Structure formats: structure tokens, C-alpha cells
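Below is one structure; the comments refer to it alone.
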Amino acid sequence: MTGFRTLSSGLRALRPAAFGADPAGARMRRIRNSPNFADGVFQNPETARTRPDGSMVEFAKVYFRSEERAHRSPAGTVPVHATTLADLARPAATGLRLTWMGHSSVLAEIDGHRVLFDPVWGERCSPFPFAGPKRLHPVPLPLAALGPVDVVVISHDHYDHLDMPTIKALAGTDTVFAVPLGVGAHLEHWGVSADRIRELDWQESTKVGGIALTATPARHFCGRGLRNTQHTLWASWVAEGDRHRIYHSGDTGYFQGFKDIGAAHGPFDATMIQIGAYSDFWPDIHMTPEEGMRSHLDLQGGRPSGVMLPIHWATFNLSTHAWSDPGEGTLAAGRAAGARVALPRPGEPFEPTAGTVPSEPWWRGVARAPKGGWPAVEEAVADTPGDVAGGAAEGTGEPETVSAG
């Protein structure tokens, strides 16, 4: 037995720090008592296949097909917006401002408070600095240039959402971390003190300063080590200030629960919805742009109100679709639904309740055009810009025509 313990301790010592830590002790007891934990693992709100459909041989054939690989990366330099600390230090005129930093990382300034969703400033979304998906564009500005952040919100523990170097850098600040159940083990392993971690199960809420945060269901999975124990939860998030409400989907497949989230917490001034890295090989755990728009409408009570910000695309090559497809698909889905879609360049701040939002398909200037060229960009009918959350209570929000692309 002594020899076995020595071998086991040696293997743990070789474990990369980026793997994080498994939940244990009181944290594991809380996980076992969760209504969302059964048969030794966290359960999805609807059945979901978390492993690729079909054989890995078939997937490899598609992934390495040379004529398609070229379309999975931009052909030119991605036009990152030159945001500065001074830009972000200026208060949002409407009280709500979003800055998409690429992939699923968003700085939300809401009613005088600052929420940073899924911050990934690392060069690769991988446990290793020499391998794994590499950035297709630089971060818009250094992490230190963001200024103070009230709360960092993590959706789940996959490498493209929970980045060890970024968390370690933020651990040196006084920010609070709001994370799904079990994810706190990783943060403590990387130096975040336990008193700065708010660990939530689905439907649980916490308040940080003037922002109420609620962990809501998502249809996905977890894991970052060699063993995927499914002992950390995944979540979408609702953030509510004094006047505004926003929603961040994290990673998720489409499910009927979006309607329940919207009924309980919506409508939202803005939704940040995952629309990239989808595939027929994993249809249950990531959404297509069309499904993303459907979820946005569900969250808004069936109406094309508020603004949808597409996330989880353009920064890392994680699937087989063309690099530009998520943007194009969201543009078309928004037009078909008459919904207001924001299309900022990485790092470009915008105010969802202002009169206009970024609407140019900027990726076309650096992407490889599809056969037949780009489709025409048209206008869409959407709700009046304004406080959806506040307006819902005040009975405002008459429709008018605005540009959606």
C-alpha cells in the first residue's frame, strides 16, 4: 500500500496546475446534496450527448479536409477595436454598456457596477502553453487596463471559459468570483481565497454590491483533467442591477428551459448568446445561430425585444464550420426574426439600450468569401431601444424600425 500511495502522490505532483482541483470535503458534500446531482454526476435539464456523435475517424476526415480547413480561420487580420482605459472609465450614458473581448469574454457595466463574464486572456485555451487552440486575434486590451471589476462570473470549467493565467492575475485583486457549484475548487487551487468565492447551484442567487446574480440552467458538461468526473456544474447567468437586466448563456445546447428562465427573470435589456463552435457531431451541447436566436426569443417571452450579442466565436477555432459562419448565421437569423442584433468588433464597447448598436458585418473584410459571394445586408424591424427591464415594468417599448445589420 505504501508503494501505491507513493506512486499516486507522484502522479498528482505531475498533474498540470491548469487541470485545477477536484471538489472534496464540505464542497463535495454540498454537490452530493444538489437536486441536480444524481448517479454520481451532475445531470442536464434535458438529455444531452456530451461525446461526439459518430466515430472519431469520421470527425477527423471532416476536420482535416484541406479545402475546408482554410475557411476555419480569418484570411486577414481581425480588426480589434482600440479600446482604452479612458474609454471604459467614462460612465455609460444609458447605465448599461457591454464590451465583447472575444469568444465568451464580456465586460458588462451595469448601473454603476462592473461584471466580467468568462475572462480568457490566455494565448491558448489549453492546459499547455505549447499546444491547443490558439487565439485568432489578440486580446483587445491588457487585463490590467480594464480597471476595477466588482465580480467575475464563470459559466463552467472548460479551458475556453476558465483560464488559469487569467484567474491567477485576477486573484491579486479584490474582485469577487461567482461560479457554479464545484468550480470554486479550481479557484482556490490557483490562489483565490475562499471568502471571495460565491458558489451557486442552479436557481441560487447572490448579491455583489448592487448586482444580483442568479445561476440558471444550461445544457452542457464540464471537465478539464484526464478524468472527466462531472463533479462541477455548468450554468448560464442572470445579472440584474437597479435598472437593467442581462443574461449570459455560457455554453449550452438549445432546451425548453430558456422559456422558464425568461419567465422567471426576463425580459432582458441584452442577452449574450453562444452561437459558435457548433457541429452535427455534438448537437446537444452547443447552439447553431438559428438556435441561439430561438433561445433569445424564448428568453424575451417570445418577442424580439432587447439586443442579442452573439458570443463564443471568432477567437478560437473549435469546430468544423467556417470562421465567418456564426456571424453570418446570426445576421440572417436576426433578420428573419426581426430581432435587434449587436455585431461589435472585439473590444468595441456599445450600449444596448442606446439608439444604435454596432451592426456592420465586419468579419467579411477579413474572411474568405463563400461561393457566390456574401448575401445582401438588410434592415430588420425591432423594438425601440430603451430599458427593457425597466420598460417592462413601466409599459414602454413601442416598436419602430432600426438597423440590425
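The values are calculated or read from the model by the stated rules, or taken from the named source; none is laboratory data. Treat the numbers as computed from the prediction; the structure is a model and nothing was measured. Neighbour counts are summed over all protein chains in view; Cβ atoms, including those assigned to glycine, are modelled from backbone coordinates with ideal geometry. Just so you know, the surface numbers come from the protein's heavy atoms only, side chains and all, with ligands and any DNA or RNA stripped out. Shrake-Rupley method; radii C 1.70, N 1.55, O 1.52, S 1.80 Å.
When Rg and Dmax are taken over the Cα atoms of the chain, they come to 20.6, 74 Å.
Compared with the dominant principal axis of the Cα atoms in the chain, helix 2-14 is inclined by about 30°. Just checking the listed ones, Phe255, Phe42, Phe130: in the Gaussian network model of the chain with Cα springs under 10 Å, the one fluctuating most is Phe130. Using 20 Å as the cut-off for backbone N distance, which residues of the range 316-343 belong to the label zone defined by a point 7 Å from the Cα of Arg364 along Cα→Cβ? Flagged as within label range: 322-343. For the chain, what does the helix formula give at 222 nm: sum of -39500 (n - 2.57) over DSSP H segments with n ≥ 4, over the residue count, nearest 500 deg cm²/dmol? Per the formula, -6000 deg cm²/dmol.
The distance separating the Cα centre of the range 127-166 from that of the range 182-196 comes to 16 Å.
With θ taken as phi - 60° and the Karplus curve 6.51 cos²θ - 1.76 cosθ + 1.60 applied, the whole-hertz 3J(HN,Hα) list for the range 176-193 is 9, 10, 10, 9, x, 3, x, 5, x, 4, 4, 4, 5, 4, 9, x, 7, 6 Hz, x standing for glycine and proline. Sequence-ordered 3J(HN,Hα) estimates for the range 78-86 from the Karplus curve with 6.51, -1.76 and 1.60 and θ = phi - 60° stand at 5, x, 6, 6, 7, 6, 10, 4, 5 Hz, glycine and proline given as x. Using θ = phi - 60° in the Karplus curve 6.51 cos²θ - 1.76 cosθ + 1.60, the 3J(HN,Hα) couplings for the range 326-338 round to x, x, 4, x, 5, 4, 5, 5, x, 4, 5, 8, x Hz; x is entered for Gly and Pro.
The eigenvalues of the Cα gyration tensor, multiplied by 5 and square-rooted, give the range 170-284 an equivalent ellipsoid with semi-axes of 23, 22, 11 Å from largest to smallest.
Around the amide H of Val153, modelled in the peptide plane, lie the amide H atoms of Leu116, Phe117, Asp118, Ala178, all under 5 Å away and 5 or more residues distant in sequence or on another chain. Of all beta bridges that DSSP places with both ends in the range 210-348, some 45 percent have antiparallel geometry.
Rolling a 1.4 Å probe over the protein heavy atoms leaves Ser205 with an accessible area of roughly 70 Å². A cut-off of 5 Å between modelled amide H atoms, ignoring neighbours fewer than 5 places along the same chain, links Gly102 with Gly347.
Here the range 137-264 carries DSSP beta bridges of which approximately 65% are antiparallel, counting only pairs with both residues inside. Per-residue accessible area (protein heavy atoms, 1.4 Å probe) orders Asp260, Asp87, Asp284 as Asp260, Asp87, Asp284, starting from the largest. Rounded to the nearest 5, the antiparallel percentage of DSSP beta bridges internal to the chain is 60%. In this structure Thr175 has an accessible area near 0 Å², from a 1.4 Å probe over the protein heavy atoms. Within the assembled protein chains, the solvent-accessible surface assigned to Lys61 is about 120 Å², based on a 1.4 Å probe. Taking Pro35, Pro133, Pro91 as the candidate residues, the one with maximal mean-square fluctuation in a Gaussian network model of the chain, Cα springs under 10 Å, is Pro35. Surface composition of the chain: carbon and sulfur make up 54 percent of the accessible area, probe 1.4 Å. Take every pair of alpha-carbon atoms less than 8 Å apart whose residues are at least six positions apart; their mean separation over the length of the range 170-215 yields a relative contact order of 36 percent.
Residues whose amide H lies under 5 Å from that of Ser236, counting only those 5 or more places away or on a different chain, are Thr216, Ala218; hydrogens are built 1.01 Å from N in the peptide plane.
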